[in-house]
Each structure stands twice: as C-alpha cells, then as structure tokens.
Amino acid sequence: MKPKTTADGAEGPDAAGPSATATRAFVVHPHLKSDRDSRRTPESALAECVALAAALDLEVVGAEVAPLAKAHAGALFGSGKIAAIKAQVEATEVELVIVDAAVTPIQQRNLEKAWGAKVLDRTGLILEIFGERASTREGVLQVDLAHLSYQKSRLVRSWTHLERQRGGVGFMGGPGETQIEADRRALDEKIARLRRQLEKVVQTRGQHRKARAKTPVPVVALVGYTNAGKSTLFNRLTTADVLAKDMLFATLDPTMRAIRLPSGRRVILSDTVGFISELPTQLVAAFRATLEEVLEADVIVHVRDVSHPETEAQKADVLDVLADLGVGEARLEAMVEARNKIDLVDPEERGPLLAETARAGAVALSAATGEGVDALMAAVEARLAEARLPALVRVPQADGRAAAWLHARGVVTGRRDGETFADLDLAISERELAQFAKAFPDAAILDRAEGLARAAQ
C-alpha cells in the first residue's frame, strides 16, 4: 500500500506520494498481547508510525501489526513472523524495515541478516526526522548529539563488511573488537566536541533569558503533541511564517515572537518542538536546553488536537514529558488547555465537546479558522493575573529599573520612599517574584508574612 494520509486520516503533505527515488519501506508494529495497559490501540500506533515514515518521505509499501506472545531476546520476533516478513520484503523489494519499537543492537543485527534489508527502530526513525528538519545551529547541534549517542549504542561485535552498510558518523572501519573500540573512541570525541559547542549555545540562551527577565514581558509557551496545530496557532497570533503542515514534526526549532493581549499587555509567545509517545530519551536530553523555555514560561498553553481519535492518549504523553522535564504538578494543573481543530470535529459531536470543554475550564478553538482564539487570549490574560499574593520588597532609590520592572507588571499596590531605599507593597505571583529576585539581586525581598500583615491592615 502507499499511505497518503497522516495518523489522524487527514490528507498528508504530499498527496501525490513519494518520489520515484524514495526508499521503499515496510512498517511493522510489534504488539505484545500482555500489553493491556497501552494508551493506544495497535492499529492507531501503526498508523502513527506510518505517518512518521511519510514525514521522512519514505515510500511505505506495506504495514502490519505483529502480535507477540513474548519478546524474543535475540530478534524480538519469533521465527515464523520473521519468515513471513522476509517474504513480504522480497516480494515488494523493500530496502528498509521500520520496527515501531525499541530494538536492541543485537536484535537489529539479527533482523537485518534475516531480512536482507536495513532495519530502523522507532528511536532511529524519529532521530532521522529530526536530523532532516533541524535548521538552526542549536537545533542541528542538539540532533547531532542525540544521533551520535544513539549510534554509540549500535556498535556491536561480529559485523561483516556488508552488514555495516547503515552508514552514519562513526561507522568507518572493519569488523572486530579493535575497530569497534576505535569507533567508540571516535564517537566519544565527537560527542564531547558537540557538547562543548552546545554548552556555548546554552549559555547564550541563558543570557537571553536573563535579559528578558529584566524587562516586564511575560513568556507564554505553546506545548503539545506533534501535529496538534501549535505552529498554525503561533502563526495566527503573531502573523509569523513558521512552517505549519499537516505532518508529524513539521517544525523543530523554537521560535519566539512578541504579541499583544486584548488588554494591550505585551507578552512573548514561544513555539516549541512537538512531543510524541515514547519520545527517545536521547532527544529529551539533547533538547532539554530548548525545552527549558517551557520551565521559565509564565503561562503554559497545552494545544490539543481534539479531532484525533487518540487525543486523550496524546494528552497523557505530553503531561508525562512535561513532568520528566521538571514541570511541577501545580504548574501542570495551572496550564491553559487549548482544544484545537474543533472545525474538524463531527457536527454531531461538536455540541457535547463544547459543553465538556467549558466544564473542564478549557478553551475550544480552531487555529485554522480563528474561531475561539480571542477566548484563548482572554484565558491567558486571566492566568497571568491570578494567584498573586502580597509581598514587600525594598529597592535602592538609585536603581530605578527595579521599581520600573514591578510597576510595568502592574504588581505594585503601595510605596513608601526613604532616603536610600523604597519599600514597595506588591500583589505578585511566586514566579514573578522569583524572576524579580534573579533580575535584581540588590533588591531585598522581605518575608511574605510582612506583606500579608500589611495587606490585612
């Protein structure tokens, strides 16, 4: 078959299909019969993997779910299934078999021998997509680091010359333990060099964050599952031209733009890389510096594709990744949930969906048509204004920037001027107070209790 649709059944980016020179691929999703706690059906998981392959411009000529009673240590599949897939590989002249699971180096080697084709597991597939899409220097460094870390785990013994046709950085010598050790050393050196380069970029990003902290501009971060419509929403709100296609991982590099909320308040909107189920740990580690923008954000907006049949599973995956990044439970509960693509929802289901969305305190919208976008902006503004607690700070009279920062955010409720210091009464959120302390270390933040007592007077 030649799938021309994405995982949610929408027409893909290239309705005409891949080019004549595209690599022919077969996709198999191993489904353990004992895996009853999976968030997705095997069929939807297979469809997502096919969509990932399409995002890499592969020509998928076959795809199937492979039920497994148990995972076999040496080759993942049993001998019968291996033989059946080999027959399909030979009949369709497949060059690449994508296994929608984590495959060990030994399993990969044995499957390649058995099928006479290259084998790519889920992690490798996602890494290849990221490698194709990254465009900024930071994005390229992050992907290269993740790819090299993955390749290092692929170095196994007993390769022959023909078995090492996968290519890639580090695969340059003959077989044998000595060459593998040399390959590993070469990879370690490249990984160390990339980490040094990335650290410089990380420091620059950190400096930019510090500079933004000294200006009274809150940051609003868009997060969500890949293809949930974050970039489309970002473009609508900012009139930017970020790539927004109906495909998985259409954009990778983070983008930031200033926008105005309905009140006229200026905020920075940040578009981040999309998440996906079983996101490779190498990528989470490599992209941590970029995703730290989410941790620093004043408001997190979780963009969901409510037209997708697995929308609840996608939500759970996003929450898992955010929790892994260190986003606390309180912040997860305080996120603004944007239920996107309501224009694609069946008309009979639209009414109940809108009612349930209202009960959940979420916002229903369509980034494509603009419906509900104003309500989303109002929700963001309300979230920025809530949860402010009294506090008392003392700032040097000579440092007008500190007081200006607080006044610009509208958090000052009273002021008493002294000869060298000014005491400011505040109604401020914990996050804003932390940002203020970081940006103006010479200011003294007095005990919260003093602010509470003064507010009660």
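Bear in mind that the values in this text are calculations on the coordinates, not laboratory data. What you see is a predicted model, and the numbers here were worked out from it, not measured in a lab. Positions of Cβ are generated from backbone atoms using ideal geometry, with glycine treated the same way; all protein chains shown enter the neighbour counts.
Please compute the net charge surrounding Ile259, taking Lys and Arg as +1 and Asp and Glu as -1 over other residues with Cβ under 14 Å from its Cβ. Don't jump to the answer; show the numbers that get you there.
Details: positive: Arg236, Arg257, Arg260, Arg265, Arg266; negative: Asp271, Asp298, Asp374, Glu381.
So the environment of Ile259 carries a net charge of +1.
Mean separation of Cα pairs under 8 Å and 6 or more residues apart, divided by the residue count, gives the range 216-385 a relative contact order of 25 percent. A crude spin-label estimate for the pair Arg193 and Ala398, with each label 7 Å from Cα along the Cβ direction, gives 4.9 nm.
What does the C-alpha gyration tensor say about the overall shape of the range 24-130? Classify as rounded when a/c is under 1.5, otherwise prolate if a/b is larger than b/c, or oblate.
Working: a/c = 1.41, a/b = 1.05, b/c = 1.35.
Since a/c stays below 1.5, the shape of the range 24-130 is classed as rounded.
The stretch between Thr239 and Thr92, if pulled fully straight at 0.36 nm per residue, gains 48.4 nm over its current Cα-Cα span. Pairs from the table (Lys81/Lys230; Lys33/Lys113; Lys70/Lys113) lying more than 32 angstrom apart at Cα are Lys81/Lys230.
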